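A quick write-up on the structure given underneath.
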Amino acid sequence: MTSQEIRNLFLKFFESKGHTIVPSAPMVIKNDPTLMFTNAGMNQFKEFFLGHAKPKHKRVADTQKCLRVSGKHNDLEEVGRDTYHHTMFEMLGNWSFGDYFKREAISWAWELLTEIYKIPKENLYVTVFEGSEEDGVPFDQEAFDIWKERIAEDHILLGNKKDNFWEMGDQGPCGPCTEIHVDIRSDEEKAKVAGRDLVNNDHPQVIEIWNNVFMEFNRKADGSLEKLPSRNVDTGMGFERLCMVLQNKQSNYDTDVFTPLIHKVEEITKSHYNSNGRVTPEQEQVNIAIRVISDHIRAVAFAIADGQLPSNNGAGYVIRRILRRAIRYGFTFLNQKEPFIYKLVETLAAQMGATFPELEKQQFLIMSVIKEEEASFLRTLEQGLLMLDVMIQNSPDKQLSGGKAFELYDTYGFPKDLTALILSEKGLTMDEEGFEVQLQKQKERSRAAAQVKTDDWVVLRDDDEEEFIGYDTLEAVVRLVKYRRV
Ligand code: ATP
Ligand code: MG
Ligand code: MG
Ligand code: MG
C-alpha cells in the first residue's frame, strides 16, 4: 500500500462512520499567544473542548500537519538519531464532540487496524489508565473491558499518569487515554523478549502508533476534578509510523514518505544511505545526517508555505534553528559547503503536493528562502572555523579547554560536535568534561531566570531557545569581523 492509499483509507473509513473530513489546520499558529505551532490534531478544536464554541459537526476526522520542536512536545534532539520521531509529521485523527465515546472509538480503531489495514492481532498491544488515587480517578475498567472483548488479556497493559492521562493544562478538560502499540520485530527477536516488556521503552520496533483520549473530566482551579456533562473523544495516529508498519519496514525513513527525499539527498551529495543491519560508526553518522536533512526539509518547507519565514525571534527563530541543524549536519557529515537543501523542495512538492497544495503553490518562495538561509549560515560556519583556528594556535597543549569550546558554542554559536570534529582532524582533543560543567552552569542560570511551563497550552520559553541565542551573536560577530577588515 502506498502512503497515499494509507491516508485515504483512514479518511474513507471514518467518513463511513459518519465523520466529516476537514482540512488540516495550518502548522503555524498565528492567533494563539500560548502555542507557536500545531503539535497535535486536536489543537484546532481547542475552543470546542473548552466549551467556548460550538462545532458544526459532532464527528470529524482529518490528517493534521504537526510540528514538535518546542514546549511540552520537543522531539528535536531525537530526530535523525531514532527512526520514528520527526519534527514535522502528519497526525491522523478522529473526534467526537459530545457524541460517541469509548466503545465506538476503541472498536473502530480495532476494526481499522486489523480488518482494513490487516495488522496481525498478535502484534498489537494496548495500554489502559491504571487510575490515580491522588485525583480520585479509578482504573479505566470500561476501556479495559472493551479491549478484553477484542484482544488477549496479556496484550493489555496498565499505564500511569504520564503516558495514559491527558490534560490540557493546569485547568480544563482532561481524561484517561488508551494507546495502541505495534510490535514489528522478527519472530526470532520476539522469542527473546515479550513485546509487552518493550512497550513504552524506546524500542524502535515496538512503537506507539495511536493515542485515544477520552475527555470526561474538567480540572477546576482548586485542582479537583468534576465529570464533564458532555464527553469528547480525541485521537491521534502517527501517519509515518503507520506507513512503516503497513509497508513492512523497520524505519519510517524506509517508507515511500521519505525514500524520494533520501534518494535526492544521496544524488546531490554523492553519499549513500545504508541502514541495513550493523553499519560502521562513520556510516551511521552519514545515515543520521541524511535522516536529519530529509526530516527537517519537511518542517521548514511546510512552515514557509504556511507563512512562517525563518527569522531572529519567536516562531521564525525556531524554523531558522531547524534549518541550521540540517545545514550543520550536511556541512559536517556530508561535506556540503554550498547550499543544497533547497534543491529538495521540488521532490517534496511533487510528492506531497496532491494532499497539501500549498507546497506546490509556494514552491519558488520556499526554495529561494532556504537557499538564502543556507548561504548565510554557511558563511557563519566558515567564520567560526577561523575563530577556532586562532584558539587552536593559542592552545599550548593538545587539548582545547572546556571553557574555550564553550565560549565558541555559547557566545559564537559554534556547535560542540563540529568543534570536536575539527579538533580531532587537527590531532587535538576537547576537554569534554569542562565543556559539560560550563553547559550545566549555563542551564542552571537560564532555569533560574525563566519559569518553564510545559503543559499543552503554556509554551513560554524553553532551554532550547536559550541555547540557540549564540547563532545570532555569531552573526553579529561575523559582521564585526568583516567591518574590522574593511
Ligand atoms: P512517543 O511516546 O512516541 O513520543 P507521544 O506519546 O508523545 O509519542 P502522542 O502525543 O500520543 O505521542 O501523539 C499521538 C501519536 O502521534 C503517537 O501515538 C505517535 O504515533 C505520533 N507521534 C508523536 N510524536 C511523533 C513524532 N515526533 N514524530 C512522528 N510521529 C509522532
Ligand atoms: Mg512524545
Ligand atoms: Mg508516548
Ligand atoms: Mg502518546
Expressed as a whole percent, how much of the Cα-Cα distance distribution for the chain exceeds 35 Å? 37
Gained length - Asp145 relative to Gln283, 0.36 nm times residue gap less alpha-carbon distance: 44.9 nm
Can you compute 3J(HN,Hα) from phi for each residue in the range 249-256, using the Karplus curve 6.51 cos²θ - 1.76 cosθ + 1.60 with θ = phi - 60°, rounded to whole Hz and x for Gly and Pro? 10, 9, 8, 4, 6, 8, 8, 6
Return the distance in nm (one decimal) between the two label points of a simple spin-label model at Asn394 and Gln250, each offset 7 Å from Cα along Cα→Cβ. 4.8
Simple label model, 7 Å out from Cα along Cβ direction - Phe101 to Glu425, nm: 6.3
Put +1 on the Cβ of each Lys and Arg and -1 on the Cβ of each Asp and Glu in the chain; which of Gln438, Gln205, Pro120 then has its Cα farthest toward the positive end of the dipole? Gln438
What is the log10 of I(q)/I(0) for the range 8-119, computed with the Debye formula using one identical point scatterer on each Cα and no solvent, at q = 0.15, 0.17, 0.19, 0.20 Å⁻¹? -0.76, -0.95, -1.10, -1.16
Checking rank on 37-43, 147-153, 202-208, 284-290, with mean other Cβ inside 10 Å and highest first, the result is 37-43, 284-290, 202-208, 147-153
In the chain, taking the dipole from +1 charges on Lys and Arg beta carbons and -1 charges on Asp and Glu beta carbons about the Cα centre, the listed residue (Phe14, Gln363, Pro260) farthest towards the positive end is Gln363
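Express as a percent, rounded to the nearest 5, the fraction of DSSP beta bridges in the range 72-202 (both residues included) that run antiparallel. All intermediate terms of the calculation are to be shown ahead of the outcome.
Values: 8 of 13 bridges.
For the range 72-202, the DSSP antiparallel bridge percentage is about 60.
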Starting with the highest mean, order 23-32, 414-423 by the number of other Cβ atoms within 10 Å, averaged over the residues of each peptide. 414-423, 23-32
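Based on the Cβ-Cβ distance of Lys54 and Asp222, what FRET efficiency does E = 1/(1 + (r/R0)^6) give at R0 = 41 Å, to the nearest 0.05? Can you show the working numbers first?
On the way: r = 28 Å, r/R0 = 0.68.
Step by step, r from the Cβ atoms, then E = 0.90.
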Taking the highest mean first, how do the peptides 2-15, 62-75, 231-244, 384-397 order by number of other beta carbon atoms within 10 angstrom per residue? 231-244, 62-75, 2-15, 384-397
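Note down the magnitude of the dipole of the range 200-257 about its Cα centre, charges +1 on Lys and Arg C-beta and -1 on Asp and Glu C-beta and zero elsewhere, to the nearest 20 debye.
Working: 6 positive and 9 negative charges, 48 e Å.
The dipole of the range 200-257 has a size of about 220 debye.
Dipole size in debye (nearest 20) for the range 376-423 around its Cα centre, Lys and Arg Cβ +1, Asp and Glu Cβ -1? Each step should come with its number before you reach the end.
Details: 4 positive and 6 negative charges, 7 e Å.
Around 40 debye, computed over the range 376-423.
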Can you tally the net charge around Phe258? Count Lys and Arg as +1, Asp and Glu as -1, for every other residue whose Cβ sits under 14 Å from the Cβ of Phe258. -2
Residue-wise, which Karplus ³J(HN,Hα) couplings in Hz belong to the range 69-86, taking 6.51 cos²θ - 1.76 cosθ + 1.60, θ = phi - 60°, and x for glycine or proline? 10, 7, x, 4, 10, 10, 9, 3, 5, 6, 5, x, 6, 9, 10, 9, 10, 10
Going residue by residue through the range 101-112, the Karplus relation 6.51 cos²θ - 1.76 cosθ + 1.60 with θ = phi - 60° gives ³J(HN,Hα) values, rounded to whole Hz and with x marking Gly or Pro, of 9, 4, 4, 5, 4, 5, 6, 6, 4, 5, 4, 4
Other-chain or far-sequence residues with amide H under 5 Å of Asn232's (modelled H): Gly98, Met215
Hey, got the dipole for the chain? About the Cα centre, +1 on K and R Cβ, -1 on D and E Cβ, debye to the nearest 20? 1400
DSSP bridge pairs, the chain: antiparallel proportion in percent, nearest 5: 85
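None of the figures in this text is laboratory data; all of them are computed from the coordinates on show. Note that the coordinates shown come from a computational prediction; the quantities given were computed from them, not determined experimentally. Glycine also receives a Cβ, built like all others from the backbone with ideal geometry; neighbour counts cover every protein chain displayed.
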